[in-house]
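Encoded as structure tokens, the structure appears first; notes follow it.
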Amino acid sequence: MIQRVWILPLCATLAIPAAAQQPADSGMSVRGFVRSSVDSSPISFAQVQLVDANHRRFVTITDSLGAFTLTGVSPGPYALTARYIMYHPYARDITIAAGDTSLGIIVLQGYCPHDSVTALADIARGEPQLIYNGGIAPLAHTQRDLGFERRFNVQIVMLGDGEPELDVCQQRNNRVVLRFLDERYGNRWRRAASQTSFAKWLGSGTPPD
């Protein structure tokens, strides 16, 4: 049947409180980039923070290219963190030497509970799933929807809007499952899917070449 997954909403913005703004004293400017582990794309609006031994915080947000600059930084040890919604937080201890101006590339690990690997595992268990971000109120299943799932032995999972998964991860899962359904049932499953309440989601993906 269609699963409706509800997750408590989290803060979708990463506002920087006034107390956490970069200190105004003089120092170096250090730069870097934040990228996604899923497809190496830049992540904009990620929060990057340095905390020194005196608990002073240097905080900024990445731009559209995933680039960031932290100013007023002095040489010494720091706790470096970076975070963005739908990604696991990044954290490590670093030491910035005099003359250092680059923190390099920070790679955030995407939250991907479903992808092509999990899709193959689900198929092997006889439990293939098609995963979609269903918005603020995922569809309630109908009797026709239930009949479709039983007939073609596939589960339609509609996620709530509280914490959707990365689209690219869902697409990788769904491409594998769509190909499996095409190989097993041909166009019969697509014709049946067009009569269900989730037809627009099933019609949005195609198998890989």
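The values are calculated or read from the model by the stated rules, or taken from the named source; none is laboratory data. Predicted model, so just to flag it, every value in this text is computed and none were measured. Here the Cβ positions follow ideal geometry from the backbone for every residue, glycine too, while neighbour counts run over all protein chains shown.
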Residue among 140, 97, 91 that alone is surrounded by fewer than 16 Cβ atoms within 10 Å (Cβ to Cβ) and outside the structural domain of residue 32 (by TED's automatic domain parsing):
140
Taking only pairs six or more apart or across chains, which ones have beta-carbon atoms under 7 Å, a first residue in region 48-62 that is over 12 Å from residue 30 (Cα atoms) and in contact (Cβ under 8 Å) with a residue 24 or more places away in the chain, and a second residue that is of a type in the set (Lys, Arg) and in a strand (DSSP E or B)?
51/57
Take residue 126 and decide whether it is assigned to a loop (DSSP other than H, G, I, E, B) and outside the structural domain of residue 60 (by TED's automatic domain parsing).
yes
Kindly establish whether residue 82 is farther than 20 Å from residue 178 by Cβ and either of a type outside the set (Gly, Ala, Ser) or free of Cβ contacts under 8 Å to residues at least 40 places away in the same chain (or both).
no
Does residue 77 meet the test of being in a strand (DSSP E or B), in contact (Cβ under 8 Å) with a residue 12 or more places away in the chain and surrounded by fewer than 16 Cβ atoms within 10 Å (Cβ to Cβ)?
yes
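Restricting to region 123-137, and then to whatever is surrounded by 12 or more Cβ atoms within 10 Å (Cβ to Cβ) and in contact with a strand residue (DSSP E or B) (Cβ under 9 Å, 6 or more places away or on another chain), can you tell me which residue is modelled with the lowest pLDDT? Talk me through it step by step, then tell me what you get.
Pass one, region 123-137, residues surrounded by 12 or more Cβ atoms within 10 Å (Cβ to Cβ): 123, 128-135.
Next, only the ones that are in contact with a strand residue (DSSP E or B) (Cβ under 9 Å, 6 or more places away or on another chain) stay: 128-135.
Values: 128: 96, 129: 94, 130: 91, 131: 88, 132: 84, 133: 78, 134: 70, 135: 65.
Residue satisfying both the conditions and the ranking: 135.
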Check residue 39 against each of (1) part of a strand (DSSP E or B); (2) of a type outside the set (Val, Ile, Thr); (3) in contact (Cβ under 8 Å) with a residue 40 or more places away in the chain and name the one condition it does not meet.
(1)
Would you please name the residue that is farthest from residue 79 (Cα to Cα), looking only at residues in region 24-66 that are aromatic (Phe, Trp, Tyr) and surrounded by 20 or more Cβ atoms within 10 Å (Cβ to Cβ)?
33
